[in-house]
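The values are calculated or read from the model by the stated rules, or taken from the named source; none is laboratory data. Since the model is a prediction, treat every value here as computed from it, not as a measurement. Glycine also receives a Cβ, built like all others from the backbone with ideal geometry; neighbour counts cover every protein chain displayed. Only protein heavy atoms, including side chains, enter the accessible area calculation; ligands, DNA and RNA are left aside. Shrake-Rupley method; radii C 1.70, N 1.55, O 1.52, S 1.80 Å.
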There are 2 protein chains.
Amino acid sequence: MASKLLVDIHTHVYLPRYAALLRSRSTVPFIRSSTTSDGKLDERLLILDHEPSGGRPVGPQYWDREEKLKFMDKHGIDVSVVSTANPWLDFLPASQAHTLASEMNEDLEEYCSTSPTLQNLPIRRLFGFGLLPLVPEITTTSLLDTVKQISRLPHLRGLIMGTRGVGKGLDDESLDPVWAAIEAAGLVVFIHPHYGVDPKAWGDKDNGHVLPLALGFPFETTIVSALRHLCGVFDRYPSLRLLLAHSGGALPQLSSRLASCIDHDPVVASRLKHDARYYLGKLYLDAVAYGPEELGFVSDVISRAGRYQAGSSVTEAANRSLGSRRMLFGTDHPFFPPLSATEKWTSVVENLEAIDTVQGWSPADKDGVRGGNAVSLFNLAE
Amino acid sequence: MASKLLVDIHTHVYLPRYAALLRSRSTVPFIRSSTTSDGKLDERLLILDHEPSGGRPVGPQYWDREEKLKFMDKHGIDVSVVSTANPWLDFLPASQAHTLASEMNEDLEEYCSTSPTLQNLPIRRLFGFGLLPLVPEITTTSLLDTVKQISRLPHLRGLIMGTRGVGKGLDDESLDPVWAAIEAAGLVVFIHPHYGVDPKAWGDKDNGHVLPLALGFPFETTIVSALRHLCGVFDRYPSLRLLLAHSGGALPQLSSRLASCIDHDPVVASRLKHDARYYLGKLYLDAVAYGPEELGFVSDVISRAGRYQAGSSVTEAANRSLGSRRMLFGTDHPFFPPLSATEKWTSVVENLEAIDTVQGWSPADKDGVRGGNAVSLFNLAE
């Protein structure tokens, strides 16, 4: 039954064409190759200007489809909706970005369309999020053409994007035609961080990747989401389907504070139709938060949105069962690999256990978060 | 009964001595005075380098004790534990910071000790958090002398500090003797943000104070708390009583992600005795989050700490009733004033309603958060 599938909607790939580009470069983002003292190839991925620990060791997990399928098999994942990992095309000039986006969308379609089908259901095991050439100086026509391309490729069911848009963030009105086209095409937009915040914030001590990843990434998602809310994008495109990485970062916990700060600023408040908390109920959030209390809370915040619709007379408590319907399992593969060769990855086990132990979610709610919600959102059974 | 009091532990003052200093300055932080077209005095407070909206209008609410008491009466607040507002003494040279800290601690003691007592209980209506001269080049002796001064002033029950320490943050080992002294004196440390994060993060559009306040402040608190955890301060000073502003910012929602990122970095993990989530159970958090779901979640996160103690065999679900005992009502007065002259301040009403509507808190738990917990933590009945 499709509603019982385990579907991973937060799982990345560096397609071979993209990995080759990164290998050809010597400034961030790039892959640096060297040979270890015992003669092995050592490839390191550097994607940030202040990359800690000399870069991240990378290997076939990052580009090889067989590795993705093996990882899925090991964890009982039936279907993955795969996305290119950050920083996407952000660093390229406009003409190159347009061509590469188009080529990578075709590559990803092939990656998915030639993947095996499930044993018991006529559903492929791989689907994808396409890419838009979101870089400065790109034309709106180029962006709209790429939206059209993605919507025509049968295994691409959405697109992933970072937070910079065409250089002015996602609250940039020049993107309005793009949102309109995405909304009309019914594509899911997966919003994912890359830049974090100013690394000076992490202090002088070496804490490896811990703080940029644990805090910087969620802060970036929070900021871009708050900015999008403030610019009223959901008032203009109410059917837009946005999926936020890492359970929305810190947005759920700061949403009432955000609403209160907006309320106290009449200029900002006048731009919005509803209390800021209303818009959170329109989001989809992955369930990549590593703890059951976090997931339960996020589902509370989604479900309470009705209380905050302008003119609402709803006063009921949050209903986290209802909220669970907009949450979707993810692994963040191939990131967070285990430190030693274990049967299963701790990061995946933690996220599955978290879903399984949320107080107030019924077995059906948990099935939904594990995969049923993704089957509906991405129309995987069609 | 002392356990039924309404106690505000997050309420600020710019003592007259401090306000006078700010008026004498012409760079941030300062108070700029001008005269409006109809001849009225217009005082604006500028505390940030990129202050939006030409500064914040300020008046007697910020320094006059009668205004504090009137505000308390209007909202039924019995007792307030008052703290100097940001940016404290951060901008002063060491010698001036030491003298001013000492003078302001005496001023605040007088502000409290000459305040009225409650009608039915022999408890003063005002208590205070003192100040340390935490600036670069201050000597440890000066800091320790000031801890001693505060602990001798009978109405000061703790101290407030920002996030920069003596210029190297709060994970700076040179502060260890200060933590030891504070722990020994049983003073509560109220950690409060001021700097936020790099304002470039807020994009190009003018959203007033909304984003620096709604997101920047909590991010700063989250970062400094994470850094303190990473440096193992609670492993070395397990009885230290730390109170985090704004319900810990985003730390609760990002704590499992933080724990996972630490787990995946053996160098960082090896510095800590416990899973990062354990340390959150040692914190006190104000209940200044403006929504009941937020407060319930924060109490979940506090209460689950036992699961994450090294070697723990606890597997129980979070117990938010237990977690509520480390949460304390606050208003953030005189900030977030109402836009129009209303009977009560919306920001205060929201925080009280949030406490009142948390699912899973008993009436006794709610009394605790409203005041009973503060009576115990600050020994107000003694």
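Here is a yes/no grid of residues against (1) open to solvent by 60 Å² or more (accessible area, probe 1.4 Å); (2) over 30 Å from B:S376 (Cα atoms); (3) of a type outside the set (D, E, K, R); (4) touching a strand residue (DSSP E or B) at 6+ places or on another chain (Cβ under 7 Å):
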site: B:A2; (1), (2), (3), (4): no, no, yes, no
site: B:L5; (1), (2), (3), (4): no, no, yes, yes
site: B:H12; (1), (2), (3), (4): no, no, yes, yes
site: B:L15; (1), (2), (3), (4): no, no, yes, yes
site: B:L21; (1), (2), (3), (4): no, yes, yes, no
site: B:S24; (1), (2), (3), (4): yes, yes, yes, no
site: B:L45; (1), (2), (3), (4): no, yes, yes, yes
site: B:E51; (1), (2), (3), (4): no, yes, no, no
site: B:W63; (1), (2), (3), (4): no, no, yes, yes
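Scoring A:G311 on the criteria (1) in contact (Cβ under 8 Å) with a residue 24 or more places away in the chain; (2) in a loop (DSSP other than H, G, I, E, B); (3) more than 8 Å from chain B (Cβ to nearest Cβ) leaves a single failure, condition (1). Condition check for A:E183 on (1) more than 25 Å from A:A259 (Cβ to Cβ); (2) more than 9 Å from chain B (Cβ to nearest Cβ): one failure, at (1). Restricting the stretch B:324-349 to residues that are under 19 Å from the mean Cα position of the chain (by Cα) and among the polar types (S, T, N, Q) leaves a set whose member that is farthest from the other protein chains (Cβ to nearest Cβ) is B:S324. Only one of the listed residues (B:S303, B:S321) is assigned to a helix (DSSP H, G or I), open to solvent by 10 Å² or more (accessible area, probe 1.4 Å) and within 11 Å of another protein chain (Cβ to nearest Cβ). That residue is B:S303. Scanning the stretch A:231-253 for residues that are surrounded by fewer than 24 Cβ atoms within 10 Å (Cβ to Cβ) and within 9 Å of chain B (Cβ to nearest Cβ) turns up just one, A:C231. In the set (1) at pLDDT 95 or above; (2) touching an Asp or Glu at 6+ places or on another chain (Cβ under 9 Å), the condition left unmet by B:G169 is number (1). Every condition in (1) open to solvent by 10 Å² or more (accessible area, probe 1.4 Å); (2) within 20 Å of B:Q359 (Cα to Cα); (3) not acidic (D, E) is met by B:G311 except one, and the failing one is (2).
Criterion first (in contact (Cβ under 8 Å) with a residue 60 or more places away in the chain and within 12 Å of another protein chain (Cβ to nearest Cβ)) does A:P292 satisfy it? Yes; evaluated as a whole, the condition is true for this residue.
If I filter the stretch B:267-274 for residues that are within 13 Å of chain A (Cβ to nearest Cβ), in contact (Cβ under 8 Å) with a residue 24 or more places away in the chain and touching a strand residue (DSSP E or B) at 6+ places or on another chain (Cβ under 9 Å), do I get at least one hit? No, the conditions are met nowhere in the stretch B:267-274.
Of B:P238, B:P218, B:P212, all but one fail to be outside any helix (DSSP H, G or I) and in contact (Cβ under 8 Å) with a residue 24 or more places away in the chain; the exception is B:P238. Within the stretch A:194-219, the residues that satisfy the criterion of being open to solvent by 10 Å² or more (accessible area, probe 1.4 Å), within 15 Å of B:T222 (Cβ to Cβ) and within 16 Å of the chain's Cα centre (by Cα) are A:G196, A:L213, A:F217.
Quick check on my filter: what residues within the stretch A:207-219 are within 8 Å of chain B (Cβ to nearest Cβ) and either in contact with a Pro (Cβ under 9 Å, 6 or more places away or on another chain) or within 19 Å of A:G55 (Cβ to Cβ) (or both)?
A:N207, A:G208, A:H209, A:V210, A:L211, A:L213, A:A214, A:P218, A:F219
Listed by position, the strands (runs of 3 or more DSSP E) inside the stretch B:1-91 whose residues that are closer than 29 Å to B:R325 by Cα and touching a His at 6+ places or on another chain (Cβ under 7 Å) number at least 1 are B:7-13, B:79-84.
Does B:S115 meet the test of being part of a loop (DSSP other than H, G, I, E, B) and open to solvent by less than 60 Å² (accessible area, probe 1.4 Å)? Against the criterion (part of a loop (DSSP other than H, G, I, E, B) and open to solvent by less than 60 Å² (accessible area, probe 1.4 Å)), B:S115 qualifies.
Given the options B:L41, B:L89, B:L46, B:L22, name the one that is touching a residue at least 24 places away in the same chain (Cβ under 8 Å) and hydrophobic (A, V, I, L, M, F, W, C).
Matching residue, one of B:L41, B:L89, B:L46, B:L22: B:L89.
Residues in the stretch A:156-170 that are more than 18 Å from the chain's Cα centre (by Cα) and on the phi < 0 side of the Ramachandran plot: A:V166, A:K168. Looking across the stretch B:291-300, just one residue is open to solvent by less than 10 Å² (accessible area, probe 1.4 Å) and more than 23 Å from B:A259 (Cα to Cα), and that is B:G291. With respect to the conditions (1) open to solvent by less than 10 Å² (accessible area, probe 1.4 Å); (2) within 11 Å of chain A (Cβ to nearest Cβ); (3) within 29 Å of A:Q359 (Cα to Cα), B:R228 lacks only one, and its number is (3). Across the stretch A:119-146, the number of residues qualifying as open to solvent by 50 Å² or more (accessible area, probe 1.4 Å) and either assigned to a helix (DSSP H, G or I) or closer than 17 Å to A:L100 by Cα (or both) comes to 7. So for the stretch B:274-289 (the condition being of a type in the set (V, I, T), modelled with pLDDT of 90 or more, surrounded by 22 or more Cβ atoms within 10 Å (Cβ to Cβ) and not in a helix (DSSP H, G or I)), does at least one residue qualify? Yes - at least one qualifying residue is present in the stretch B:274-289.
Do we find that B:G208 is at positive phi and out of contact with any His (no Cβ under 7 Å at 6 or more places or on another chain) in this structure? When the stated conditions are applied, B:G208 passes them.
When you look at B:Q149, is it within 21 Å of the chain's Cα centre (by Cα) and open to solvent by 10 Å² or more (accessible area, probe 1.4 Å), yes or no? Yes; evaluated as a whole, the condition is true for this residue.
Among the residues of the stretch A:92-107, those that are part of a helix (DSSP H, G or I), in contact (Cβ under 8 Å) with a residue 24 or more places away in the chain and not hydroxyl-bearing (S, T, Y) comprise A:A94, A:A97, A:H98, A:L100, A:A101, A:E103, A:M104, A:N105, A:E106, A:D107.
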